[in-house]
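The values are calculated or read from the model by the stated rules, or taken from the named source; none is laboratory data. The structure presented is a predicted model; accordingly, all values stated were derived computationally and were not measured. Every residue, glycine as well, gets a Cβ built from its backbone with ideal geometry; the counts of neighbours run over all protein chains shown. Only protein heavy atoms, including side chains, enter the accessible area calculation; ligands, DNA and RNA are left aside. Shrake-Rupley method; radii C 1.70, N 1.55, O 1.52, S 1.80 Å.
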Amino acid sequence: MSTPDSPLLRSLLAAVDAAPDDVPLRLHVAERLLAAGRPDEATAHIGAVLQREPGSGEARALMARVLGGDTEPGPTGAPATGPGEGRFDWSRAEEEFGAIPQPFTEGGAGPGEELADTGGETVRLSDVAGMEQVKERLHAAFLAPMRNEKLRRLFGKSLRGGLLLYGPPGCGKTFIARAVAGELGARFMSVSIADVLDMWIGNSEKSLAEIFAAARRDKPCVLFFDELDGLGGKRARMHASGIRNTVTQLLTELDSVAADNDGVFVLAATNHPWDIDSALRRPGRLDRTLLVLPPDAPAREALLRSALADRPIAGIDLPSVVAATDGFSGADLVHLCDTAAEKAILDSIRAGEVRMIEMRDLTAALTEVRPSTGPWFETARNVAMFANEGGVYDDLVAYMKKQRKW
């Protein structure tokens, strides 16, 4: 049964947050968590240690206690003793782990390679792996004019902008929006449907007005609307006047009838751009669009490394996994790694002995996890064929022809 954190344990957990690579500290915390009857939390710390030091005898001893159901303190570095089924076979484990396994095979990452911290508003486009065409379009169509004051003055460009990111779900549209905020040195404000819509008439419009007012006070600011199709859908399809009024209010705020939007950069993301009210995409509003596609090979490699970073792995042929996951979204890649981890966990429980996540687990997971982007491209194909007015979906058409999805 879980027990409340003691002051000492709280301090230890805070120390781990500050120094996540401190192996002795993690082992001490895992020992304390086991003693407190919290094996699940202890397992997370043990797994982090095994990722960094696959041959750690102390970590394997602690994992043996977890698998054996023994959460009482035992001799450091040695397995708990006593009767019971499913006990960890330490002698066999010593033979299996006698040679320290390498996390990735030739061509992949070796021990000690880490990804840069890309959290919060400090994210820059350099933190986005791959997607070079997306970055180039962002720089040319959006970032360069916004960051160059002399050019803006020369060409009479206002310090405002609207950009619509669209593409299959799970492909990093929100992450790219954060990167844009980082490039502009601007505050990032993310707005979801739940932040705006209200059951009472008039409240949704009031919420939108307050959101824009806050962005204007804190400019430069990137105001990001996620799932815009839910907030700015085609008014012709709406029967409820409250929703129609919300779209009208959004148009008013974008036009800045009563306030100055200079320094407020409006970005929005959608999986269904064809469902957005056409008025939102007129000049001066969200008049520029950017297609965000499934991650390319460099991006998939970076995402896979990140998803496997805190797991005990050995012998992963990363280039093979990258090649086999063309068309996977970022969310699909995380799901793939989770599925592989589940297979290793179940195998460890059945055998009563812990083992690393291996290439066979990812290979098996690949037979179960398929790209979730297929249905989106089926719908997008029909739209691009019959509703590509003004060439707005030309980038999508070119990609689908190149991928032979046309």
Segment 20-28 - phi-based ³J(HN,Hα) in whole Hz, Karplus 6.51/-1.76/1.60, Gly and Pro as x: x, 8, 7, 5, x, 5, 4, 4, 5
Selected from 190, 201, 180, residue furthest toward positive end of dipole (segment 173-228; charges at beta carbon): 180
Gain in span if fully extended, residue 370 to residue 394, counting 0.36 nm per residue against the direct Cα distance: 6.0 nm
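Given the pairs 173/219; 150/234; 343/402, which span a C-alpha to C-alpha distance of over 30 angstrom in this model? Spell out each step's value before the answer.
Details: 173/219 22 Å; 150/234 38 Å; 343/402 35 Å.
From 173/219; 150/234; 343/402, over 30 Å: 150/234; 343/402.
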Zone residues, segment 354-372, relative to residue 347, backbone N less than 18 Å from point 7 Å out along Cα-to-Cβ: 354-369
Exposure of residue 154 as accessible area (Å², to 10), given a probe of 1.4 Å and all protein chains: 130 Å²
Zone residues, segment 203-234, relative to residue 174, backbone N less than 13 Å from point 7 Å out along Cα-to-Cβ: 224-228
Projected label distance in nm at residue 363 and residue 402, using a 7 Å step from Cα toward the beta-carbon: 3.2 nm
HN-Hα J in Hz across segment 175-182 - Karplus 6.51, -1.76, 1.60, θ = phi - 60°, x for Gly and Pro: 4, 5, 4, 5, 5, 4, 4, x
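May I ask you to rank 21, 40 by accessible area, largest first, using a 1.4 Å probe over the protein chains only?
Values: 21 85, 40 135 Å².
Descending accessible area places them as 40, 21.
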Accessible area per residue in Å² at 1.4 Å probe, computed on segment 302-406: 49 Å²
